[in-house]
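The values are calculated or read from the model by the stated rules, or taken from the named source; none is laboratory data. All values derive from a computational prediction rather than experimental measurement. Note that we place each Cβ from the backbone using ideal geometry, even for glycine, and neighbour counts take in every protein chain shown.
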Amino acid sequence: QKPVMSRELATGSTASVSLSKSRKQVNKVLSTGQKIALTPQDERTLKTIYDYLSGYSKRMLVESLVEVKKREVEQLKSEIPPGAKLLMKERANALYGTNNFPVNDDSIKKESDPEKADGEKKVDDYYKAREQLLKAEERLKTYMSVDHKIGFKDLDAVVRSLGKVLHKRQIDQMIWEVDENLDDMIDFDELQLTYFRNISDTTGNEPCFFFKLLEFLIFDGSNKGYIIEDDCMEILYARYGGGNLEREMKLLFGNRLRAEGGDGTLNLDTYLESVLGRIGRR
């Protein structure tokens, strides 16, 4: 049995109408033993979101390091004086064990000793930074080759990247809602299960705080950091059918709809305000 936690901001009907009957679903049994039914498109989308969220916190740190090193390498390369090209070719031949960079280039002017010393230093700095970049890229490649789950730090970092700060208890609540294995992490089967439960729920009793973050990321398929009406219409149409689309769009965007004089956009903050603020009112 799961420990009892506060259900504050955690429940609310996410499907006020029946799901569209036209959606072709595939039945599957999860590792936890539960049976669910998802469309192939749902499954592909959820896998994309899961891969994005799992290990997000550390991956972003390493990716940021790679980007910093790339800019540093480009900057150092641009600072190398033309007269040091000969030294760069010699260094490249030594590093890569080839003779693909011939050094008998008469077009390279001879340098004075101070110029040569400065050029050598800039070449040294360039190759040191380049080596650091290669190591950072290898570190990222190694990290990406390992399967990760979604943890507290990942959710915290993702939410912050979207301009929202949640209390620790709120993020703990998200994980608790989904964590069938009680390991304080979210795996792919658990993510699929909570998605299935929420899109199938007609009672308003299904915990949905994590699902709402998941849904925002699904709507924002291009990772803009916000969603627009066009992002949501196709997904809501497929989920609820054309006859219920207008109602669902109104529930989601409210007076932010373009037809209501709004700008037709929601960031994570206004999105959560909308979907969590109507608990019990659907």
Give me a count of the residues in the range 228-252 that are in contact with a Ser or Thr (Cβ under 7 Å, 6 or more places away or on another chain) and of a type outside the set (G, A, S).
4
Given the criteria closer than 29 Å to Q25 by Cα, assigned by TED's automatic domain parsing to the domain that holds I36 and among the charged types (D, E, K, R), does D230 qualify?
yes
Residue match in the range 118-132 (condition: touching a Pro at 6+ places or on another chain (Cβ under 6 Å) and either surrounded by fewer than 18 Cβ atoms within 10 Å (Cβ to Cβ) or outside the structural domain of M249 (by TED's automatic domain parsing) (or both))
yes
Considering only the range 146-165, state which residues are of a type in the set (D, E) and over 14 Å from D187 (Cβ atoms).
D156
Those residues of the range 144-181 which are of a type in the set (F, W, Y) and either in the same structural domain as G33 (by TED's automatic domain parsing) or not in a helix (DSSP H, G or I) (or both) amount to W176
Among residues of the range 209-234 being buried (at least 18 other Cβ atoms within 10 Å of the Cβ) and of a type in the set (V, I, T), the residue farthest from E177 (Cα to Cα) is I227
With respect to R256, is the statement that it is touching a strand residue (DSSP E or B) at 6+ places or on another chain (Cβ under 9 Å) and more than 28 Å from D154 (Cα to Cα) true?
yes
Determine if the range 202-211 includes at least one residue that is assigned by TED's automatic domain parsing to the domain that holds Q173 and assigned to a strand (DSSP E or B).
yes
Any residue at all in the range 24-38 that's within 17 Å of N198 (Cα to Cα), among the basic types (K, R) and loosely packed, with under 15 Cβ neighbours inside 10 Å?
yes
The lone condition M249 fails out of (1) under 23 Å from E43 (Cβ atoms); (2) of a type in the set (A, V, I, L, M, F, W, C); (3) surrounded by fewer than 20 Cβ atoms within 10 Å (Cβ to Cβ) is (1)
Looking only at residues that are closer than 30 Å to R130 by Cα and basic (K, R) in the range 20-66, which one is nearest to the chain's Cα centre (by Cα)?
R59
Say whether the condition of being within 20 Å of the chain's Cα centre (by Cα), at pLDDT 95 or above and surrounded by fewer than 15 Cβ atoms within 10 Å (Cβ to Cβ) is met by at least one residue in the range 142-160.
yes
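Residues checked against (1) assigned to a helix (DSSP H, G or I); (2) in contact (Cβ under 8 Å) with a residue 60 or more places away in the chain:
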| residue | (1), (2) |
| --- | --- |
| L213 | yes, no |
| L217 | yes, yes |
| K224 | no, no |
| A238 | yes, yes |
| M249 | yes, no |
| L252 | yes, no |
| N255 | yes, no |
| L266 | no, no |
